[in-house]
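Notes for the one structure printed next.
The values are calculated or read from the model by the stated rules, or taken from the named source; none is laboratory data. Note that the coordinates shown come from a computational prediction; the quantities given were computed from them, not determined experimentally. When we count neighbours, we look across all protein chains shown, and the Cβ atoms used for this are built from the backbone with ideal geometry, even at glycine.
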Amino acid sequence: MTLGNFIGILPPALVLLLFSEFFALKNLQKPEVITSLGYVATLAFFGTAIAKVMFNRFVKMASAVFVSSVTYTLPIVALFWGMLDGERIGAFQFLATAIILMGVSLAHRPKKPQ
């Protein structure tokens, strides 16, 4: 599943990369670019690679429905971090939060016997 996500992201990412001026030699010599690439690499490693490994281990320890529910609630946590950071939160964000929580609730509802 993870591989499928990254394969889906690959074509638009390559188009953006090739049509930007990323590979221009003058850009690669700027200290801000080197620093930015370091941050991106750090985020990719800690924010994606390790998170995917932990996610797969959690699926082994708990049920897939539980782990997916945790994943679905991450945007809600990000919303509250944004509020603490002073970002403006509108009605659309609260509506989206309600939709996410309803989806998690539906996923945890016990199945009716047939």
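Say we look at the stretch 58-77 and pick out the residues that are hydroxyl-bearing (Ser, Thr, Tyr) and part of a helix (DSSP H, G or I); which of these is surrounded by the most Cβ atoms within 10 Å (Cβ to Cβ)? Of everything passing the filter in the stretch 58-77, Ser69 is surrounded by the most Cβ atoms within 10 Å (Cβ to Cβ).
Against the test of being in contact (Cβ under 8 Å) with a residue 12 or more places away in the chain, part of a helix (DSSP H, G or I) and of a type in the set (Phe, Trp, Tyr), the options Phe45, Phe92, Phe55, Phe80 yield a single qualifying residue, Phe55. Return yes when Ile100 is at pLDDT 85 or above, surrounded by 10 or more Cβ atoms within 10 Å (Cβ to Cβ) and not aromatic (Phe, Trp, Tyr) and no when it is not. Here the answer is no, as Ile100 does not meet what is asked. For the stretch 20-42, taking the residues that are of a type in the set (Gly, Ala, Ser) and outside any helix (DSSP H, G or I), the one that is farthest from the chain's Cα centre (by Cα) is identified as Ala24. Among the residues of the stretch 1-48, the ones that are touching a helix residue (DSSP H, G or I) at 6+ places or on another chain (Cβ under 7 Å) and either surrounded by 10 or more Cβ atoms within 10 Å (Cβ to Cβ) or closer than 30 Å to Val59 by Cα (or both) come to 3 in all.
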